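Asker: Encoded as structure tokens, here's the structure I'll be asking about.
A short reminder: the numbers here are calculations on the coordinates, not readings from a lab. Everything numeric here is computed off the predicted structure, so don't read it as measured data. Don't worry about glycine lacking a Cβ; one is built from the backbone with ideal geometry, like all the others, and counts go over all protein chains shown.
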Amino acid sequence: MRANADSADMSNVVEQIRETVAATAMPPGYFTELDGTFRAQEEASSAILMLATLSLALIFVVLYSRYHHVSLTLMIMAIVPMAMVGGVAGLWLAELPLSIASLFGFVTLAGITARNGILKVSHYINLSLHEGERFGDALLLRGSEERLAPVLMTTVSAGLALIPLLFGGDEPGKELLHPIAVVIFGGLVSTLVLDTLLTPVLFKMFGRSALENLTADRANRGGLEEAY
């Protein structure tokens, strides 16, 4: 049996079908199977979720191989969920459903968000190891101020590049790119605000021990040639 539900929420329709089928006793030898577009979307969503998990794991490995401290790695990755908040808000404001295209936007957003955290945390470490700044508010204020312009410029540039895709989402050719642009743009806004406010706080709360270990490692090796 075939049916279309173009005017309804497909997820709700499929859920009602499954509840009805589960409550219906089938004759011996008969079974039901849901197929079509929704099943393909479910399979694609599962694949994207698996790849997104793998992507986050690889980001963790790369960051840890750079900093050699779990606290610094988790500090940078903590900004990723904050960016997701902006992406979800963007979908809600644009009245768009969570689709395969928007999931791609969330995966892309994770990498962009990690970059901003790397810029700021690495500069804190540079100021301490190579310019003699002591751990404290002065270090955080200077590091945040000096990295604000680069982060702001990259974020604004990326946001401006997305503007053509933010409007006219119902036009032919924009059906896939529009949700991606909405998610990334919303995530960029939330990342810029939350990273500016929360990364210094997180570094002050959890960065002292990691910074002391890095300083000790540098002293034991007789000097660190490569800047973080």
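Asker: For A44 and A149, FRET efficiency with R0 = 41 Å and r from the beta-carbon atoms, rounded to 0.05? Could the numbers behind the result be given before it?
Answerer: Details: r = 40 Å, r/R0 = 0.96.
My answer for the efficiency is 0.55.
Asker: According to a simple spin-label model (label point 7 Å from Cα along Cα-to-Cβ), what is the distance in nm between T215 and Y30?
Answerer: If labels sit at Y30 and T215, their model points lie 7.7 nm apart.
Asker: Could you go through segment 202-216 in sequence order and give the Karplus-derived ³J(HN,Hα) for each residue, using 6.51 cos²θ - 1.76 cosθ + 1.60 with θ = phi - 60°, rounded to whole Hz, and x for Gly and Pro?
Answerer: Each residue's phi maps through the Karplus curve to give 5, 5, 5, 6, 10, x, 4, 5, 5, 5, 5, 5, 5, 5, 5 Hz.
Asker: Considering the dipole of segment 44-220 built from charges on the beta carbon (Lys and Arg +1, Asp and Glu -1) around the Cα centre, which of A158, L103, H68 is farthest to its positive end?
Answerer: Projecting each Cα onto the dipole axis, the largest value belongs to H68.
Asker: Given 0.36 nm per residue, what is the gain on full extension from A138 to L93 after removing their alpha carbon distance, in nm?
Answerer: On the way: separation 45, 0.36 × 45 = 16.20 nm, distance 3.87 nm.
Result for the pair: 12.3 nm of gain on full extension.
Asker: Can you compute the modelled spin-label distance between V61 and T108, with each label point 7 Å from Cα toward Cβ, in nm?
Answerer: For V61 paired with T108, the spin-label model returns 2.5 nm.
Asker: Report the extension gain between M205 and V193 in nm, rounded to one decimal, defined as 0.36 nm multiplied by the number of residues separating them, less their alpha carbon distance.
Answerer: Values: separation 12, 0.36 × 12 = 4.32 nm, distance 1.91 nm.
Difference between extended and current length: 2.4 nm.
Asker: Right, here's the next one. Between S157 and V85, take the C-beta separation as r, use R0 = 22 Å, and let me know the FRET efficiency to the nearest 0.05.
Answerer: On the way: r = 22 Å, r/R0 = 1.00.
It comes out at approximately 0.50.
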